[in-house]
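Notes for the one structure printed next.
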Amino acid sequence: MSILVTGGAGYVGSHTVAELVQKGEDVVVIDNLSTGHRNAVLNEWAIPFYQCDIHDTARVMKVMTDHHVDSVVHFAASSLVAESVHDPLKYYANNLGGTRALLDAMVSCDVASIVLSSTAAVYGSPRRVPISEDANKEPLNPYGETKLAIERMLSYAQQAYGISSVSLRYFNAAGAHPTLPIGEDHRPESHLIPIILQVVLGQRDEILIYGDDYETRDGTCIRDYIHVCDLASAHYLAVSHLREGNTGSYAFNLGNGSGFSVREVIDCVRAISEHPVPALVAPRRAGDPAQLVGDASLAQSVLGWKPTRKDLTQIVADAWRWHRTHPDGYQG
Ligand code: UDP
């Protein structure tokens, strides 16, 4: 029995592969390397890697059969909010079309469980924080819209084909593995913590704060930053939950339940890096809700998930260690 990880060369994907390998699971990775990095799948793991697109159903089926796959953890997707607004059809094709093709392969190969990398973007601008799973789902952009559509597709696939699923709705993934040489490397980078660290590294002159006139304690947006290794451990627990025979379509929030403003994150990076980070206020970024903070009590009670790196200082310290030692990311 092995676990197929699609998009295993990406940021959360590679940290999840690390967790699964550490738990002694047999893992096989496919990734088309459009945004992932081949060397994020470490040689020391000695696991099969296929450069393969999830649309290639015949090849995905062969991988499933050859490796006796019983569970899929599905990261392969396009995941940039701004890009999704400019090129929505790419998101419908890659995210919805890609998952449809993957499900075709699962049905043909009798693979009956899947864990989906989903997102808090399915909620849009919440009426209340912290957000629980039953909050309204009104995505503000095609990225969130396609992830919500995938969740619904999975629910219909459960009713029709008996494929059980867990959708994990992440808040803001951050940090890096504390001991292994894997971390965040998006091109172009759009996420707050890596961008601030690029300022520290002298790769940018300043950090632009997108809006300081929100209704928050200091006027800047508040987000729930969750360590990528804590996200990874939830995927292992979700696979186990399905393997234990829990049939159905589940969805869980993954966050720490506490929010930090953009200014607080910048201050935290200044403290950890001991570097003055110049910051300029810029206009709001389209589609940014003022506050996103998750209530993850369901994942804790049902999956037994316990985030262990909740402290923002630790999250930033781990990110800083990765960026300091890999200033050019995986190209370094
Ligand atoms: N942000 C910012 N400057 C940047 C990048 C991000 O002020 O250069 C803000 C962004 O507006 C949001 C928060 O930082 O309020 C987190 O943004 P990120 O892109 O990391 O994650 P998102 O919340 O969009 O998923």
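Some observations on this one:
- FRET efficiency estimate (nearest 0.05) - Cβ-Cβ, Ala93 to Ser240, R0 30 angstrom: 0.40
- Angle in degrees between helix 57-66 and the longest Cα principal axis of the chain, rounded to the nearest 10: 70 degrees
- Helical content alone sets the calculated 222 nm signal of the chain at -10500 deg cm²/dmol, taking -39,500 (n - 2.57) per DSSP H segment of four or more residues and averaging over every residue.
- Near Ala173, the amide H atoms lying under 5 Å from its own belong to Ile226; only residues 5 or more places off or on other chains count, and H is placed 1.01 Å from N.
- A cut-off of 5 Å between modelled amide H atoms, ignoring neighbours fewer than 5 places along the same chain, links Gln291 with Ile222.
- Our summary gives the chain a relative contact order of 20 percent, counting only alpha carbon pairs under 8 angstrom and 6 or more residues apart.
- What you get for the chain, charging only the Cβ of Lys and Arg (+1) and of Asp and Glu (-1), is a dipole of about 180 debye around the Cα centre.
- Between Arg100 and Ser190, the modelled label-to-label distance comes to 2.4 nm, taking each label 7 Å out from Cα in the direction of the beta carbon.
- Enclosed volume per residue, in Å³, of the convex hull spanned by Cα atoms of the chain: 120 Å³
- Helix 312-325 and the longest principal axis of the C-alpha atoms of the chain enclose an angle of approximately 80°.
- Length released on extending from Val107 to Ala46, taking residue separation times 0.36 nm less the Cα-Cα span: 19.1 nm
- Sites Gln198 and Lys310, calculated FRET efficiency, Cβ-Cβ separation with R0 25 Å, nearest 0.05: 0.50
- Kirkwood hydrodynamic radius of segment 43-177, from inverse mean 1/r over distinct Cα pairs, in Å: 16.0 Å
- Distance between the 7 Å Cα→Cβ label points at Leu208 and Asp26: 5.0 nm.
- Residue by residue, segment 161-177 carries 3J(HN,Hα) couplings of 10, x, 8, 7, 8, 10, 9, 10, 9, 7, 8, 8, 5, 7, x, 7, 4 Hz when phi is fed to the Karplus relation 6.51 cos²θ - 1.76 cosθ + 1.60 (θ = phi - 60°); x denotes Gly or Pro.
- For Glu184, residues with placed amide H under 5 Å, excluding near neighbours: none
- Remark: segment 24-39, residue by residue, has Karplus-estimated 3J(HN,Hα) of x, 7, 7, 10, 10, 10, 10, 7, 8, 6, 5, 10, x, 10, 4, 7 Hz, where x stands for each Gly or Pro and the curve is 6.51 cos²θ - 1.76 cosθ + 1.60 at θ = phi - 60°.
- Relative to the longest principal axis of the Cα atoms of the chain, the long axis of helix 228-243 makes an angle of roughly 20 degrees.
- Solvent-accessible area assigned to carbon and sulfur over segment 143-182 amounts to 48 percent, based on a 1.4 Å probe.
- Reachable aspartates and glutamates from Lys90, criterion Cα separation under 15 angstrom, eight or more residues apart if same chain: Asp53, Glu145
- Residue-normalised accessible area of the chain, expressed per residue, 1.4 Å probe, Å²: 42 Å²
- Farthest towards the positive end of the charge dipole of segment 120-207, among the residues Ala135, Phe171, Ala120, is the Cα of Ala135, using unit charges on the Cβ of Lys, Arg, Asp and Glu.
- For the chain, built as a Gaussian network whose Cα springs stay under 10 Å, the top-fluctuating residue of Pro307, Pro278, Pro188: Pro188
- In this simple spin-label model, placing a label point 7 Å from the Cα along the Cα-to-Cβ direction at both Tyr161 and Leu280 gives a separation of 5.0 nm.
The values are calculated or read from the model by the stated rules, or taken from the named source; none is laboratory data. Since this is a predicted model, take the numbers as computed values, not measurements. Note that each Cβ is placed from the backbone with ideal geometry, even for glycine, and that neighbours are counted across all protein chains shown. Just the protein is used for accessible areas: all its heavy atoms, side chains included, with ligands, DNA and RNA removed. Shrake-Rupley method; radii C 1.70, N 1.55, O 1.52, S 1.80 Å.
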